[in-house]
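Trainee: Sharing a structure with you now.
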Amino acid sequence: MIGNFPLRRVLRFPAEGFTFVEILVVLTLLGLLALPFTRMFIFGVQGSHENAEQITAHNLAREKIEEVRSLPFELIKSDFENFRGVFRDRPNFEKAFETKDAFEKVFSDVMTREQSLEEEGKETYGRLRDLYKQAFRRDFDLYSEEARGFRRILEVDDKFDNAVPPRLKKITVRVYDKLGHKFAEVVTLVGRHK
């Protein structure tokens, strides 16, 4: 006993729970550990999206190739020959009607239902629908929304074969994305059957 007070053994029990500093340290460490996994997840999602776009673009190109193969040899023509009338008498599209290069920068036969209902797309859809039936002997089909933003161009090289009359035509289908980058290109030869 010291003085009037008994000597007590003071036992201190740790406080239950965590301090604010401990929580911040743990969260910082978890954040540093999760950062590489987060980036990996983001890159995976981006890669998956790009792959889906690539698949859509290649499917659009292959679909056009198969459609061309079903035509009689004499009717196989490039989009410029078949569809330049889409831009006839339209303001701001005079060059697209006159030159092949200007035509290929703006033309596409890929159109969604929503685009055909928009003010700008109504006239294009009406003209394209009529010309498509003449060129491909079938009705023009609208695409699902996943194809929106893609442009598809068909080019036919009938000078590929030196024979007279030509027996082969080189068919090239290019699909471009929203920014004008070439996303897919499919090339094949179509021959005249006897």
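Only the coordinates and a few stated rules stand behind these numbers; no lab work does. Everything quoted here is computed from the prediction, not taken from an experiment. Cβ atoms come from the backbone with ideal geometry, glycine included; neighbour counts cover every protein chain shown.
Trainee: Would you calculate the separation in nanometres between label points at residue 140 and residue 94, each defined as 7 Å from the Cα along the Cα-to-beta-carbon direction?
Mentor: Going from the residue 140 label point to the residue 94 one covers 2.4 nm.
Trainee: OK, next. Would region 123-183 count as rounded, prolate or oblate if I go by the C-alpha gyration tensor, calling it rounded below 1.5 in a/c and otherwise prolate when a/b exceeds b/c, oblate otherwise?
Mentor: Numbers: a/c = 3.19, a/b = 1.48, b/c = 2.16.
It is oblate, given that a/c is not under 1.5 and a/b is not larger than b/c.
Trainee: Go through 144, 111, 56 and say which Cα lies farthest out towards the positive end of the charge dipole of the chain; charges sit on Cβ, +1 for Lys and Arg, -1 for Asp and Glu.
Mentor: Towards the positive end, the residue furthest out is 56.
Trainee: On a full-extension model of 0.36 nm per residue, what is the gain between residue 181 and residue 55, subtracting their alpha-carbon distance, rounded to one decimal in nm?
Mentor: Values: separation 126, 0.36 × 126 = 45.36 nm, distance 1.52 nm.
Working it through step by step, the gained length comes to 43.8 nm.
Trainee: Rounded to the nearest 0.05, what FRET efficiency do residue 122 and residue 40 give with R0 = 45 Å and r taken as the Cβ-Cβ distance? Could you check? Kindly include the intermediate steps, with their values, before the conclusion.
Mentor: Working: r = 45 Å, r/R0 = 1.01.
Efficiency, rounded to the nearest 0.05: 0.50.
Trainee: Give me the one-decimal Kirkwood hydrodynamic radius in Å for region 63-171, with the sum taken over alpha-carbon pairs. Walk me through the numbers before you get to the answer.
Mentor: On the way: mean 1/r = 0.0673 Å⁻¹.
About 14.9 Å, per the Kirkwood formula over Cα pairs.
Trainee: Short version: what are the Cα gyration tensor semi-axes of the chain, square root of 5 times each eigenvalue, largest first, in whole Å?
Mentor: Semi-axis lengths for the chain are 68, 20, 13 Å.
Trainee: If one takes the longest principal axis of the Cα atoms in the chain, at what angle in degrees, from 0 to 90 and to the nearest 10, does the Cα axis of helix 20-69 lie?
Mentor: Computed tilt is about 10 degrees.
Trainee: Please compare each pair in 77/182; 95/170; 77/100; 105/182 to a cut-off of 19 Å on the Cα-Cα distance and tell me which ones are over it.
Mentor: On the way: 77/182 21 Å; 95/170 26 Å; 77/100 13 Å; 105/182 11 Å.
Listed pairs above 19 Å: 77/182; 95/170.
Trainee: Using per-residue counts of other Cβ atoms within 10 Å, averaged over each peptide, order 126-133, 16-23, 92-99, 53-60 from highest down.
Mentor: So the order, starting with the most tightly packed, is 53-60, 126-133, 92-99, 16-23.
Trainee: Another question, if that's okay. Which value, in debye to the nearest 20, describes the size of the charge dipole of region 37-78 about its Cα centre when Lys and Arg Cβ atoms bear +1, Asp and Glu Cβ atoms bear -1, and nothing else is charged? Can you show the working numbers first?
Mentor: Numbers: 5 positive and 6 negative charges, 22 e Å.
Result for region 37-78 is approximately 100 debye, rounded to the nearest 20.
Trainee: Pop the C-beta distance of residue 106 and residue 133 into the FRET formula with R0 = 30 Å and round what comes out to the nearest 0.05. All intermediate terms of the calculation are to be shown ahead of the outcome.
Mentor: On the way: r = 21 Å, r/R0 = 0.72.
The formula returns an efficiency of 0.90 here.
Trainee: Which whole-number percentage describes the relative contact order of region 22-191, with Cα contacts under 8 Å and a sequence gap of 6 or more? Write out the running numbers ahead of the final one.
Mentor: Details: 210 pairs, mean separation 39.5, N = 170.
Rounded, it is 23 percent for region 22-191.
Trainee: Taking the Cα centre of the chain as the origin, how large is its charge dipole in debye, to the nearest 20, when only Lys and Arg (+1) and Asp and Glu (-1) carry charge on their Cβ atoms?
Mentor: On the way: 33 positive and 32 negative charges, 102 e Å.
Dipole size: approximately 480 debye.
Trainee: Among 37-47, 65-75, how do they line up from the highest to the lowest mean number of other beta-carbon atoms within 10 Å? List each step's numbers first, then the result.
Mentor: Details: 37-47: 10.0, 65-75: 12.5.
Sorting 37-47, 65-75 by mean packing, highest first, produces 65-75, 37-47.
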